[in-house]
Amino acid sequence: MGGATPSQTVGPFFSLGLDTFPCELVAADDAGALRVEGVVLDGAGEPVPDALVEVWQANVHGRYAHPGDRRDELPLFESFAGFGRCLTDGAGRYRFRTVKPGSVPFGDGRLQAPHVAVGVFARGLLKRLATRMYFPDEAVANAADPVLSALGDDARRTLVARPTGGGVRFDIRLQGARQTTFFAMPAEGGS
């Protein structure tokens, strides 16, 4: 039997290639720069020191830097790809510098509240966990968001970040009390 492969164990493979995906999606002097920070916690409430957190989001105008977003009336910024990866530190903390995204349309055309798609990889997980982070200063948009409005109060609360001085805090709980709401991912090759 050979050595472990990435699909069998996650942790040892995180550091490969991560220097190409910065935790800083915008420069510190960007007028809209926003700090997003938090901690990844396991089922016992202990920090996970070797997790990988990914973010994917639209820019401030609500447009994704992706060929599938064909809304040419909305500007793109060459310097903003909307994607980043960050390893947690020894205390399970992560931090991104990004911008608050604009609203994007849902599949049926309704606008979604500004949000960041968040992916989590960690030891013991064979597949990425997918969730969303919403902003605490968007009460009206959050109440109308098609994803948030489909959830119960407790599940919704796990998806709204808390304000901090100069940014927001979004703790990710993998299991247990106050577990973050995670979403099913489509099967590979499926639609």
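The values are calculated or read from the model by the stated rules, or taken from the named source; none is laboratory data. This one's a predicted model, so the numbers in the text were calculated from it and none came from an experiment. Cβ sites come from the backbone with ideal geometry, for glycine too, and all protein chains shown count toward neighbours.
Data for the structure
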item: Scope segment 62-94; condition part of a loop (DSSP other than H, G, I, E, B), touching a residue at least 40 places away in the same chain (Cβ under 8 Å) and under 20 Å from Asp29 (Cβ atoms); matching residues; result: Ser79, Phe80, Ala81, Gly82
item: Residue in segment 37-56 that is over 18 Å from Arg132 (Cβ atoms), modelled with pLDDT of 90 or more and assigned to a strand (DSSP E or B) present; result: yes
item: Subset of segment 139-167 (residues that are surrounded by fewer than 17 Cβ atoms within 10 Å (Cβ to Cβ), of a type outside the set (Gly, Ala, Ser) and not in a strand (DSSP E or B)); result: Val140, Pro146, Leu151, Asp153, Asp154, Arg157
item: Qualifying positions in segment 104-133 - crowded, with 18+ Cβ neighbours inside 10 Å, free of Cβ contacts under 8 Å to residues at least 60 places away in the same chain and more than 11 Å from the chain's Cα centre (by Cα); result: Val104, Gln112, Ala113, Pro114
item: Arg132 of a type in the set (D, E, K, R), touching a Leu at 6+ places or on another chain (Cβ under 7 Å) and over 17 Å from Ala58 (Cα atoms); result: no
item: Residue check for Ala155: free of Cβ contacts under 8 Å to residues at least 12 places away in the same chain and hydrophobic (A, V, I, L, M, F, W, C); result: no
item: Qualifying positions in segment 37-52 - surrounded by fewer than 18 Cβ atoms within 10 Å (Cβ to Cβ) and either within 10 Å of Ala122 (Cα to Cα) or of a type in the set (S, T, N, Q) (or both); result: Asp42, Pro49
